[in-house]
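Just so it is clear, none of the values below were taken in a lab; they were calculated from the coordinates. Everything quoted here is computed from the prediction, not taken from an experiment. Neighbour counts run over all protein chains shown; Cβ positions are idealised from the backbone, glycine included.
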Amino acid sequence: MKIFLMMKYKAFSLTIENYVANLAFNQPEKANALDTPDWIEMQQIFESLSNDKNVRVIILSGNGKHFCAGINLAALMGVQQNAQTSCEARKREDIREFIYLLQNTITSIEKCKKPVLAAIHNGCIGGAVDLIAACDMRYCTQDAYFTIKEITLGLVADIGTLQRLPKIIQPGIVAEMAYTGRKVYGPEAAQIGLVNKAYTDKAEMMEAVNNIAKQIAEKSPLCIRGTKEVLLYQRDHSVEDGLQYIANYNAAMLLSKDIQEAMSANFEKRTAIFED
C-alpha cells in the first residue's frame, strides 16, 4: 500500500508515505526551540500518530541548522513572570503543572504505539535531549552534539533526561554530562551508546534511517506494537517479571493471522502483507 499525506502544523512538518511518518521540527529561524504551545502541539501529534493506521513507524528530525534547541527560554522565564497570584503556594502549583505539561509531551513519545526513530544533526540541546531519550532508537551526524544545558542555566533537568538516560548509557557518563553541561559529539555519542550510529552528514543519515524505518514498516504492525510494549515493560522490571509478562502477552496474542502470513511470505519469497 502506497499512501502519501502531508499535514501542516505551526511548529512541525509531517509527511506520511508507505506507512512511514516523517515528523520534523520546523522553526529553523529559532533553532527549532519550542514555545509552550509547541509542546502541546507535539503531544497532540504523537497521540494522533499512535492511533493512525496509515503509520507504522515515525522518524523525528529537524529542519534547518539544528535538530532542536529544546524549550524556548522566553517560555521558561514566562512561567514565573506570568504568575498572577500573590500566593506562593499557588505560584508553585502553577510551576509544577507547567513541568507536568512538558513531561507529558515527552512521555507521549514513549507511549506512542509506533517505534520512533530520532535523526539528529547539529544541536540537540537541553529539552531536546529529554525528547530523544524517549525515542526507541537514535541516529546522528558526526557534527551532532548533545548537551544537558540545564546545569549552565542554573536548573536541574526535570522532564526526563535524568530518569531515562541512565537506562540508555552508563550512569557515570550521564552524571558527567549533567554536572558539566559539556557537548557530546556524534562519534562519542555512538561510542557510548547514546546513538546507534553516527553518519557523515544529514543526507546520508536520513537515507539510512528511512531504510531502517522501511524495514520496520514491512513487519507485522501487531508484533511491532507488542515488541515496543514488552521492551518498555522490561526496562523497568526484573527478568522474571518480564518473562511472566511476555508469557501472558503471547498467550493472548500468539494466535494471530500474522504468523501464517509471515511464514507463507517467507516460503514464497515475497513481501508479507499485514493488516494494520
Based on the alpha-carbon gyration tensor of the stretch 31-152 and its eigenvalue square roots a ≥ b ≥ c, which shape applies: rounded if a/c is under 1.5, prolate if not and a/b is larger than b/c, or oblate?
-> oblate
Which length gain, in nm to one decimal place, applies between Lys111 and Tyr245 when the Cα-Cα distance is subtracted from 0.36 nm times their residue separation?
-> 46.5 nm
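Run the helix sum for the chain: -39,500 (n - 2.57) per DSSP H stretch of 4+ residues, divided by residue count, reported at 222 nm to the nearest 500 deg cm²/dmol.
Numbers: 11 runs with 134 residues, N = 276.
Helix-only estimate at 222 nm: -15000 deg cm²/dmol.
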Assign one of three labels to the stretch 173-234, namely rounded, prolate or oblate, based on the Cα gyration tensor with a ≥ b ≥ c the square roots of its eigenvalues; rounded applies when a/c is under 1.5, prolate when it is not and a/b is larger than b/c, and oblate otherwise.
-> oblate
Net charge contributed by nearby residues that have their C-beta within less than 12 Å of Tyr9 (K/R +1, D/E -1) = 0
Determine, for each peptide in 139-146, 173-180, the mean count of other beta carbons within 10 angstrom over its residues, then list the peptides with the highest first.
-> 139-146, 173-180
Going by the alpha-carbon gyration tensor, a ≥ b ≥ c the square roots of its eigenvalues, is the stretch 142-270 rounded (a/c under 1.5) or, if a/c is not under 1.5, prolate (a/b greater than b/c) versus oblate?
-> oblate
Tilt relative to the chain, helix 221-235 - C-alpha long axis, 0 to 90 degrees, to 10 = 50 degrees
Rounded to 5, the percent of DSSP beta bridges in the stretch 58-189 classed as antiparallel | 15 percent
Set Lys111/Lys202; Lys113/Lys214; Lys8/Lys53 screened for pairs whose C-alpha atoms are more than 23 Å apart | Lys111/Lys202
For the stretch 41-80: Kirkwood Rh in Å [reciprocal of mean 1/r, alpha carbons] | 12.7 Å
Whole Å is fine, so just give me how far the alpha carbon centre of the stretch 115-151 lies from that of the stretch 215-241.
-> 22 Å
Highest average packing first - 56-64, 116-124, 218-226, 233-241, Cβ atoms within 10 Å | 116-124, 56-64, 218-226, 233-241
